[in-house]
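Peer 1: To start, I am sharing the structure in question, which I have written as structure tokens.
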Amino acid sequence: MKKIQQRIYLSRERVNSIEFEHEILSIPLKAGDEMSFEILIINHGEPTHVHFSLSEEVKDKVMILQDKVYVIDEEKIAAIVKLPKSYAGAVDDGLDAGNIFVSTGYGAAKKSFSVEIVEEDVEGEGYGKGTGEIVGGWIGESEVKKETAETEVEISPEKKALLRRLTISTLLMALFLVFVFGVFFSFHPFNFVFALIAAMIFIFIVIYNL
């Protein structure tokens with residue numbers, strides 16, 4: 001299963017502004033399973049305290065490991081989403097989306113993004129809605145298309161001719177060795193004929209392979 005990340009930008013538009021990379025963070029999960037995702041906080045302004053809180057819909061499903069953090073430039077925290085087995089079958093029907101609230105400067109600004117738990121697909125990768133692009137292993141709304149290219153091995157006419165030539169040459173060479181063996185290892189009165197045939201076969205092999 002791929003990792004999911006939410007980016008939060010502080011004071012990028014104006015002082016104490018809060019922006020989310022994904023307004024809706026979709027978590028692919030099955031009942032009885034759990035997974036984690038990262039929250040990356042990028043601060044463009046003065047150092048500030050950031051506090052996280054959960055809505056009622058996700059309080060029993062989401063746990064933020066560090067709900068209070070002091071951000072100077074950039075901080076990364078982890079969250080765990082766990083779907084109890086009692087929710088078996090509920091994912092198919094659709095669970096109510098909840099919210100993760102983010103406040104800065106001791107409540108000077110507050111904003112939230114939605115968290116929805118969607119049905120995990122066959123490959124264990126549910127992408128949900130509005131989760132950006134897949135870059136470097138992060139889940140996004142662009143679909144991953146896996147294409148399998150089937151290549152057929154085709155033998156060119158040149159290779160076929162070469163194989164045919166090698167086959168014929170091999171057979172002739174075997175026949176040549178038979179006649180050579182007959183010349184040197186037997187005392188047959190037709191040794192001269194064997195030698196002549198062997199010589200002719202040898203010459204034919206040489207000419208055939210030119």
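The values are calculated or read from the model by the stated rules, or taken from the named source; none is laboratory data. Just so it is clear, the structure is predicted and the values come from calculations on it, not from any experiment. Neighbour counts run over all protein chains shown; Cβ positions are idealised from the backbone, glycine included.
Peer 1: Between 15, 50, which is assigned to a loop (DSSP other than H, G, I, E, B) and more than 14 Å from residue 78 (Cβ to Cβ)?
Peer 2: Only one candidate qualifies: 15.
Peer 1: I've got another one for you. Hey, can you tell me all the residues within region 68-87 that are in a strand (DSSP E or B) and either farther than 13 Å from residue 51 by Cβ or not acidic (Asp, Glu) (or both)?
Peer 2: Of everything in region 68-87, those that are in a strand (DSSP E or B) and either farther than 13 Å from residue 51 by Cβ or not acidic (Asp, Glu) (or both) turn out to be 68, 69, 70, 71, 74, 76, 77, 78, 79, 80, 81, 82.
Peer 1: Same structure again: Residue pairs, Cβ under 7 Å, 6 or more apart or interchain, first in region 16-37 and surrounded by fewer than 21 Cβ atoms within 10 Å (Cβ to Cβ), second acidic (Asp, Glu) and assigned to a strand (DSSP E or B). List them.
Peer 2: If the second residue must be acidic (Asp, Glu) and assigned to a strand (DSSP E or B), the pairs left are 24/116.
Peer 1: Tell me whether region 53-62 contains one or more residues that are surrounded by 14 or more Cβ atoms within 10 Å (Cβ to Cβ), assigned to a strand (DSSP E or B) and either over 28 Å from the mean Cα position of the chain (by Cα) or not assigned by TED's automatic domain parsing to the domain that holds residue 98 (or both).
Peer 2: Yes, region 53-62 contains a residue that is surrounded by 14 or more Cβ atoms within 10 Å (Cβ to Cβ), assigned to a strand (DSSP E or B) and either over 28 Å from the mean Cα position of the chain (by Cα) or not assigned by TED's automatic domain parsing to the domain that holds residue 98 (or both).
Peer 1: Can I ask one more? Could you list, in sequence order, the residues of region 31-47 that are of a type in the set (A, V, I, L, M, F, W, C) and either in a loop (DSSP other than H, G, I, E, B) or more than 24 Å from residue 85 (Cα to Cα) (or both)?
Peer 2: Within region 31-47, 31, 39, 40, 41, 42 meet the criteria.
Peer 1: Regarding region 19-32, can at least one residue be identified that is over 28 Å from the mean Cα position of the chain (by Cα) and modelled with pLDDT of 95 or more?
Peer 2: Yes; the residues of region 19-32 include at least one that is over 28 Å from the mean Cα position of the chain (by Cα) and modelled with pLDDT of 95 or more.
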